[in-house]
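*Asks:* Before anything else, here's the structure in question.
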Amino acid sequence: MSMQRRRGQPLTIWRTIEQTDNRGNKVKAADAANPWVVKAWTIPQRSAKAEVPGQQKINVIRIGVNANLDGVELWSLVHYLGRTWDVVTPPAYHHGSRHVRHWSIDIRERPNNG
């Protein structure tokens with residue numbers, strides 16, 4: 001395992017589950033009852049600050065994890081650096097030797113409503 005991976009930071013990921021809403025429709029949502037705490041490394045992807053009131057800050061990073069994150073989809077949530085992030089790309093598997101294989105996911109920071 002590379003040194004960068006060993007120094008990864010902990011984050012919490014909530015996988016996606018299918019639920020039935022009050023109208024009887026099947027909907028996808030983050031499973032708040034069963035979070036995964038994993039160690040991940042991060043790579044900044046893009047960022048744009050809001051310069052004018054009413055604009056939105058965009059902050060996207062790529063996380064990499066060793067674990068097989070079964071059930072992580074676009075409706076999943078990530079808690080990282082004290083903030084909530086949305087999954088914006090499905091997990092991508094990168095194959096190789098056991099030392100380099102991993103999963104990568106792009107996540108986008110949710111806007112702060114405070």
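*Asks:* Counting only other residues whose beta carbon sits under 15 Å from that of GLY82, what net charge do I get with K and R as +1, D and E as -1? Can you show the working numbers first?
*Replies:* Details: positive: ARG83, ARG110; negative: GLU109.
After counting each charged neighbour, the total is +1.
*Asks:* Hey, can you grab everything whose amide H is under 5 Å from the amide H of VAL72? Only 5+ residues off in sequence or another chain; H modelled, so Pro and N-termini drop out.
*Replies:* THR16
*Asks:* Per residue, how large is the accessible surface of segment 9-109? Use a 1.4 angstrom probe and give square angstrom.
*Replies:* On the way: 6400 Å² over 101 residues.
Each residue of segment 9-109 exposes 63 Å² on average to a 1.4 Å probe.
*Asks:* One-quarter of the Cα convex hull surface for segment 9-109, in nm²?
*Replies:* Working: hull surface 32.7 nm².
Computing the convex hull of the Cα atoms and averaging its projections yields 8.2 nm².
The values are calculated or read from the model by the stated rules, or taken from the named source; none is laboratory data. Here the structure is a predicted model, which means the values were calculated and not measured. Here the Cβ is made from the backbone with ideal geometry for all residues, glycine too, and neighbour counts use every protein chain on show. Only protein heavy atoms, including side chains, enter the accessible area calculation; ligands, DNA and RNA are left aside. Shrake-Rupley method; radii C 1.70, N 1.55, O 1.52, S 1.80 Å.
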